[in-house]
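**Student:** Once you've had a glance at the structure underneath, I'll fire off some questions.
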Amino acid sequence: TSDRALVVALPAARLKPDWAEVVFAQVLRGESVTQLKLRDALAAHLLALAPFVLYLEDLHEVGAERSAFWGDLARVVQKLKGVGLLATSREDQTGFTVLEVPELVPGDSRALLEAEAGVTLPEEAVSWIRGWARGNPLFTKEYFRFLARRGHLWSDGQTWRWRAPETPAHPPTVEALISDPHAQKLLDARSLLPTEAAGEAAEIAQLTPLEAEEARQILHRVGILERDDFAHPLYREVHLAGAS
């Protein structure tokens, strides 16, 4: 988002210092403000709102320059009492403490799904989704939407009904995580191999050592690979189906 849109989106803060008010006014008028001044003004504004948490979704999409700005603000916010900066990202972000989303226990999977549906779901549907999503919150929601679109989960206006797929079904959105062609080739090749043969993926994908290493870094950064194996079985299943 633009600097102006960011300033507009924040709640008003009465106790913000005068110099921060001046910076915000300049941004609202469309005047040029350095990122350092904006960072400090935002920090002062957030402190005036305390207790307050600013949530940033999909921080991996903002680009290197904007990511660096939020990283700088995060380092400042860590010293402010009553202020939090929370971000979701598929990549590690400087300035932030990285916390991996834990696997959902069965009760949490049901709660997440029923929050998505708005009503109680059939136990068979919840069990099926949990078996395939393996407790991953993102995939749990993806499977629910995918099965609803396919007509395996539907509502008659009062209750939700369930019909299990006859063949394995995978949400296609998993593949949208990868845009780099070398990473895509390595992922397709890696899906064909057991863990002990992971080193052969680069040769199968016909990548140079440099191309393979860069592709491997991308797959680790977006969370598809952890060490030498898939972070979640769904990645292997989707790409193995595609590769075959």
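**Student:** With every protein chain in place, what's the accessible area of TRP154 (1.4 Å probe, Å², nearest 10)?
**Tutor:** Approximately 100 Å² of TRP154 is accessible to the 1.4 Å probe.
**Student:** Which of the lysines could a cross-linker bridge to LYS141, judged by Cα under 18 Å and excluding same-chain residues fewer than eight apart?
**Tutor:** List returned: none.
**Student:** Now, a different point. Using only Cα atoms and rounding to the nearest 10 degrees, what angle (0 to 90) does helix 137-150 make with the longest principal axis of the chain?
**Tutor:** 60 degrees
**Student:** Next question. Near the amide H of LEU56, under 5 Å away, which other amide H atoms are found, from residues 5 or more places off or on another chain, if H is placed in the peptide plane?
**Tutor:** LEU86, ALA87, THR88
**Student:** Determine, for each peptide in 109-115, 212-218, the mean count of other beta carbons within 10 angstrom over its residues, then list the peptides with the highest first.
**Tutor:** So the order, starting with the most tightly packed, is 212-218, 109-115.
**Student:** Given the protein chains as shown and a 1.4 Å probe, how many square angstrom of HIS60 are accessible, to the nearest 10?
**Tutor:** Rounded to the nearest 10, that gives 40 Å².
**Student:** So for the chain, averaging the separation of alpha carbon pairs under 8 Å that are six or more residues apart and normalising by length, what relative contact order in percent results?
**Tutor:** 12 percent
**Student:** Against the longest alpha carbon principal axis of the chain, how many degrees, from 0 to 90 and to the nearest 10, is the axis of helix 106-117 turned?
**Tutor:** Around 70 degrees separate the two axes.
**Student:** For LYS79, which lysines qualify as cross-link partners when the Cα separation must be under 24 Å and same-chain residues fewer than eight apart are set aside?
**Tutor:** Within the straight-line limit of under 24 Å, LYS79 reaches these lysines: LYS16, LYS37.
**Student:** Still on this structure, please answer the following. Find out how many positive minus negative residues lie around LEU47, taking Lys and Arg as positive, Asp and Glu as negative, among other residues whose Cβ is under 11 Å from that of LEU47.
**Tutor:** Value of the local net charge: +2.
**Student:** With axes computed from alpha carbons, what is the tilt in degrees of helix 181-190 against the longest principal axis of the chain, rounded to the nearest 10 within 0 to 90?
**Tutor:** Once rounded, one gets 40 degrees.
**Student:** Okay, next question. Determine, at each q value in 0.15 (inverse angstroms), the log₁₀ of I(q)/I(0) that the Debye formula gives when each Cα of segment 1-139 is one equal point scatterer.
**Tutor:** -0.82
The values are calculated or read from the model by the stated rules, or taken from the named source; none is laboratory data. From a predicted model like this one, the values you see are computed outputs, not experimental measurements. Virtual Cβ from ideal backbone geometry, glycine too; neighbours counted across all protein chains shown. What goes into the accessible areas is simple: the full protein's heavy atoms, side chains included, and nothing from ligands, DNA or RNA. Shrake-Rupley method; radii C 1.70, N 1.55, O 1.52, S 1.80 Å.
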